[in-house]
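What follows is calculated from the coordinates using simple rules that are stated; it is not laboratory data. A quick note: this is a predicted structure, and the numbers were derived from the prediction, not measured. So basically every Cβ, Gly included, is an ideal-geometry build from the backbone, and we count neighbours across all protein chains shown.
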Amino acid sequence: MILPEQYGSAGFRDIVLVSRTNGDDQGNQFTLINPNHASYLPLHYVLLFPYGEPGWHWGRTLDNREGGHQKKNLSQRTFYRFRLHPRLDEPSTIFQAQRLFQQFVVDAWAVCNQNKLAWIRSHQANIRSDLYHGLADVMESEDIDLTRTGKRVVLPSSYLGGDRFMQQLYQDSIAIVRHFGKPSLFITFTGNPKWVEIERELLPAQTAAERPDLVARVLNLKVRDLLDQIRYKEVFGPWLGWVWTIEYQKRGLPHLHLLVFLRTDHQFLTAGNIDSFISAELPPADDTINQELRGIIDTTMVHTHCIAQNGSALCMQGLDPFIVQTCRKGYPRSFQEETIINEDGYPTYRRRNMGQAYTMSIRRGGADVTALIDNRRVVPYSPYLSLRYRAHINVEVCGPVKAVKYIHKYIYKGRDRATVILESDQNEIKLYLHGRYIGPTEAVWRLFEYSTHGEEPPVMHLQLHLPDQQPIYFSENEDPVILRQRMDSSITTLLAYFKYNSENVDGRGYLYHEFPEHYVYVRKQGWKPRIQRKSIGRMY
Ligand SMILES: [Zn+2]
């Protein structure tokens, strides 16, 4: 297998076969095989498909369960999803392959993704026409430099996970903040490889790292349950909206970053109210429920990375462990009798010095060190959520508005990059592929098409253009008569906004960006009064 760094154009992954039968003919010795070829899987993963079972190819179809004659094509992603479910009537070979299984899922996702990128590469003309009509995606000043039109390869914002996509999500979430004001809670939820739902399904002697399929499926279910708890069970109070993203890391499990908007009153930021749902103390092990909670907090919510002067911890980067008192995350904190809201808007949580402590033994520099853990090292948590999910769930009250922008930048910072290569040409697909890093859990997450982000209420992107400069889509060989009709009937959200207000009086009090809160845009019909579900407008 030849990777793009070694040979060929970026994004092209060649499998080269050497034929044994025509060894005499030197010229025809090598054959290239496309990853979409039916023999790609058994040739590349000889151990996983020992009988040469064919992989996905264009001709694969699904049974039509309704009994009709029409055949439905089997998509590549669906095929890999099918393979990623263990079955009782076939051996579980691929699930026992450990690291080879990890490589298999990453490769499967890369192959599916490749086809999408190939499509984007071959449709640059359409993508660029969006860009230069000022409609979409203006992210960099180079975007409007027309002299480079021919050379530039654009990865559009519709490509999930690309830089422009993350930029759009960031703008959407800022639009939600503009509408509601600052969010109430900031929650980070990390999967726990020791979850009983994962351990129960592991094959003998397996670890969770060897089964990214199980980890992704269980984490996805728990994330959805957590979102339901906040939205429908309203465990923190009346829910208004949220923005969330899933962040994958090179090592460790994916995180959920979640900003929750609640309908709060002046009572919300009082010490007593905060103490009722956030704690930064080790729970007293005085009854069975608290004993259980204590076990969870001890193992998931204590900041131990930098304990015993561990200079190599991430939170100690650039700090001298023998001089500084606290790490970059501020641990250990000081004891605190009562929760207070500081002048700068940040709360300081209650961390009483009441003898709740335990010692733990940590291996550092070849020796065992004993460290004392007390309330100063507890990461703020919600007792309810910690008991329910048995994982690292950091729940904090959002600080001042200026902190909100930082959190947004942090959660939309984009993916981990393996390497950054500076390129003189403007090929965003190449740049993306060079910097791309796919981990096994992310690969499974994307193959299963689990959500990677969410915004509520939805943000509608409103078009802006000068008179008679709205974009019109047509292909080069379009009939001029049809083109003329299309030009005459072309309508944008902006034109429809003027039209609605010239015909109706009820919407004239609203600005363009406020319109989606009260009206819904129906394609080809224009704006209609909104009956259900709220939306927020944002101009490009
Ligand atoms: Zn630390």
| remark: Counting sequence-distant residues (5 or more places) and residues on other chains, those with an amide H built under 5 Å from that of LEU240 are PHE261, LEU262, ARG263
| Difference of contour (0.36 nm per residue) and Cα-Cα distance, ARG224 to GLU53 | 58.0 nm
| said: Using Cβ contacts closer than 10 Å as the measure, can you line up SER157, SER92, SER173 from fewest to most? | reply: SER92, SER157, SER173
| remark: A chain fully extended from ARG178 to GLN267 at 0.36 nm per residue, minus the present Cα-Cα distance, gains in nm 29.8 nm
| For the residues TYR410, TYR512, what sequence is obtained by ranking on other C-beta atoms within 10 Å, fewest first? | TYR410, TYR512
| said: Please list, in order along the range 351-360, the HN-Hα scalar couplings obtained from phi with the Karplus expression 6.51 cos²θ - 1.76 cosθ + 1.60 (θ = phi - 60°), rounded to whole Hz, x for Gly and Pro. | reply: 9, 6, 8, 10, x, 6, 7, 8, 10, 9
| How much length is gained on full extension from ARG328 to GLN206, taking 0.36 nm per residue of separation minus their Cα-Cα distance? | 40.4 nm
| note | Quick note on CYS398, CYS315, ordering by fewest other C-beta atoms within 10 Å, gives CYS315, CYS398
| field | Under 12 Å, Cβ to Cβ, from PRO284 - net charge with Lys/Arg +1 and Asp/Glu -1 | value | -1
| request: Holding the Cα-Cα limit at 30 Å, pick out from LYS250/LYS405; LYS222/LYS534; LYS329/LYS430; LYS116/LYS534; LYS222/LYS250; LYS116/LYS405 the pairs that are longer than that. | output: LYS329/LYS430; LYS116/LYS534; LYS116/LYS405
| message | Take GLU234 and ARG87, extend 7 Å from each Cα along the Cα→Cβ direction, and tell me the distance between the two endpoints in nm. | response | 4.7 nm
| task | Just check the range 279-380 against the gyration tensor rule for me: Cα atoms, a ≥ b ≥ c as the square roots of the eigenvalues, rounded for a/c under 1.5, and otherwise prolate or oblate depending on whether a/b exceeds b/c. | result | oblate
| Hey, rough spin-label estimate for THR359 and VAL481, points 7 angstrom out along Cα→Cβ, what's it come to in nanometres? | 9.3 nm
| Separation of the range 32-101 and the range 246-270 by C-alpha centroid, Å? | 38 Å
| query | From the square roots a ≥ b ≥ c of the eigenvalues of the alpha-carbon gyration tensor of the range 269-319, which class results: rounded (a/c under 1.5), prolate (a/b over b/c), or oblate? | reply | oblate
| So if R0 is 25 Å, what FRET efficiency would TYR384 and ILE340 give, r being the distance between their Cβ atoms, rounded to the nearest 0.05? | 0.60
